[in-house]
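Each remark here refers to the structure printed beneath this line.
The values are calculated or read from the model by the stated rules, or taken from the named source; none is laboratory data. Everything numeric in this text was worked out from a predicted model, so none of it was measured. Note that each Cβ is placed from the backbone with ideal geometry, even for glycine, and that neighbours are counted across all protein chains shown. With ligands, DNA and RNA removed, areas are computed over all heavy atoms of the protein, side chains included. Shrake-Rupley method; radii C 1.70, N 1.55, O 1.52, S 1.80 Å.
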Amino acid sequence: MCALPSPPCAQRPPACTRTSKNSCAVLTSRSNGSCSNDFGRLLGANLRILRNIILQDDTEFIKVWSKTSKSLIAYESGRIYFDNYRCCYSSLLPEPEQLYELPKTPKTEKIEDALLCQSPLDNVLPNASEQKSCLLALTAHNWLYRLSADTGRMLQRVYLSSRFKFRSLGWDSSQETFYVKSIQSKQTTLERQAGVDNNILMRVAIFQVFPLELVGMLEINKKVFGKTAVDVLLSQGVLAVSHSSKHVKLYSFEYIVNKFRIEELALGQQCELNGGKGIVGEAPYGIPVNIHIHECPPVLFEMSYFENGVQIGGHPWHYIYTPNHKRHRGTHHICSITDGALATNGVQDMKCDSLEADWIFFHPDDSGRIVHAGPSAINVLKIMAETGCDWKYKIVTDFSITAARDNSAPQVIVTSSGRTVKRRFQLLDDDPAQETFRMVKYEDELDLLAVIDITHTEDEGQAHLRLHNNKRGILMKRIPLKEPWDVTYSHEVYFDRDTIIHTVQEKNNTFCCHVYKMKRRPSDEP
């Protein structure tokens, strides 16, 4: 197939000179061939058109599909997964349709965790199967499968270990590097009887994707990282080790690989290492430890915290934590990662009187802002340099979103006999009778904040998905969800372009997925 040239009368202007923002004008120019040949600009223009359509008054979201499951339901990038990732449905169509269903397997071979890999756009790989999107699936019997994201066909499989039980997957750098983590190793009865200490906390295998290549396998040894070490994760090239003393230490993973990797390994190659011999990634040999950390690496950063761990982000770099003392419960401290200095107005405290705690996180839109959300308010905060002092920072409110509250309830009540009675308690911030915020998410392609609010009518909770302008917080649209919202069960809501996915745990430990699609209401005019 070849591309047809544009007609001479429809010469394409440079993309950067187009100023029209009217949806109809843009679509008309596209049909005439007067559009940019830059895919990124064209996609951006299409998404702006979609955003304008979604926010129009005559656009609504209609529930088009529901499906129940006996296990957790997962969603990512237009794919809905049921039955431990065995069944996959596409949500990109007007109604979800099944993409594939894998053969049934015993529980000892079920998929425990999975990551969806999108196809790389920046390079062309020699093998066509490696260029397409795939699902990385970790099974209960220690196999890592690479499956076609569209058909479920097996593309590659890697055996991890016959000794350690691997349970979870995680991204180090999204769509580039991921890790597979084992469960914590516990002392066996024979080791206890023999008086042998088991100092290996867990094993971690690290891979690169597109193509799938092994970086290495390492052990977290308590003799090296401390007897109180209880967990580990890898993120953005940093190895974070958590301790039972509510302490976290960060290490450079690049430094660890360069200093402690004794041999580079390739999947499928013959290997003799640590007294064993076999093929890397094949059963029963698996992947041997080729990163031996025999001494503690330099600590990049360490911090004690009270609860919820430590978050790092923002522009410039800051971290958020709760100091390890009871008097700081419920507060969030924002400090510079350079010198640990607390920012001016850096202690954020909503003083929530509620059953559910407030939550805080760095905004995922790369603006460096912070989102602090609670039952009755959502504050979007900015990190700014102090006037005349570039190395000191302050926290200012960019905008706030507040829930509708009825504060007209009298604090003093007069009885029929004329006696005054003072209210002995205040309503909770998440009282069922009041509008309450439950979730805050960011739709990056449409640049909208998606907020779930809950109100109660009679005995049922009613959920709405609110769409707010990401720059100023203005409410642009409020979309009702048809199914009742029971706060005693877990819920998850995804807003993805023209689709809303609501997964909910229901009675008898069953799960249900509801899908909404964007529709235009018919005009009343003849």
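Remarks
- Take the Cα of Glu97, step 7 Å toward its Cβ, do the same at Ser148, and the gap between the two points is 1.6 nm.
- Cα centroid of segment 264-302 to Cα centroid of segment 344-379, whole Å: 42 Å
- The calculated FRET efficiency for the pair Glu60 and Ala128, based on their C-beta separation and a Förster distance of 41 Å, comes to about 0.50.
- Neighbours of Val241 by Cβ distance under 9 Å: Lys/Arg scored +1, Asp/Glu scored -1, total 0.
- Relative to one another, the C-alpha centroids of segment 464-526 and segment 214-230 are positioned 43 Å apart.
- Overall form of segment 140-179 per C-alpha gyration tensor (a/c, 1.5; a/b vs b/c): oblate
- Karplus-derived 3J(HN,Hα) values for segment 198-212, using 6.51 cos²θ - 1.76 cosθ + 1.60 with θ = phi - 60°, are 9, 8, 7, 6, 6, 10, 9, 9, 10, 10, 9, 10, 6, x, 6 Hz; glycine and proline are entered as x.
- Sites matching GluC sites (Glu not before Pro) across segment 239-310 that sit in DSSP coil, with at most 12 neighbouring C-beta atoms within 10 Å: Glu263, Glu264, Glu295, Glu307
- Under 11 Å, Cβ to Cβ, from Tyr75 - net charge with Lys/Arg +1 and Asp/Glu -1: -2
- For segment 320-387, Kirkwood radius (reciprocal of mean inverse C-alpha pair distance, Å): 13.0 Å
- Checking the Cα-Cα distances for Lys165/Lys223; Lys351/Lys507; Lys132/Lys477 against a 29 Å cut-off, the pairs over it are Lys351/Lys507; Lys132/Lys477.
- Label sites at Ser71 and Glu302, each approximated as a point 7 angstrom past Cα along Cα to Cβ, lie 4.1 nm apart.
- Cα-centre dipole for the chain with unit charges at Cβ (Lys and Arg positive, Asp and Glu negative), debye to 20: 480 debye
- Using the Cβ-Cβ distance between His294 and Arg520 with R0 = 60 Å, the FRET efficiency computed as 1/(1 + (r/R0)^6) comes to roughly 0.40.
- Contact order relative to length of the chain, as percent, for alpha carbon pairs under 8 angstrom and 6 or more apart: 11 percent
- The fraction of accessible area contributed by carbon and sulfur in the chain is 50 percent, rounded to a whole number (1.4 Å probe; ligands and nucleic acids excluded).
- Compactness of segment 202-262 as Cα Rg over 2.2 N^0.38 Å, two decimals: 1.17
- Spin-label model distance (nm) - Leu342 vs Glu356, 7 Å beyond Cα toward Cβ: 2.9 nm
- Cα convex hull of the chain, projected area averaged across orientations, nm²: 37.1 nm²
- Calculated on the alpha-carbon coordinates, the convex hull of segment 65-163 measures out at 111 cubic angstrom per residue.
- Summing Lys and Arg as +1 and Asp and Glu as -1 over all other residues whose Cβ lies under 15 Å from the Cβ of Lys104 gives a net charge of +1.
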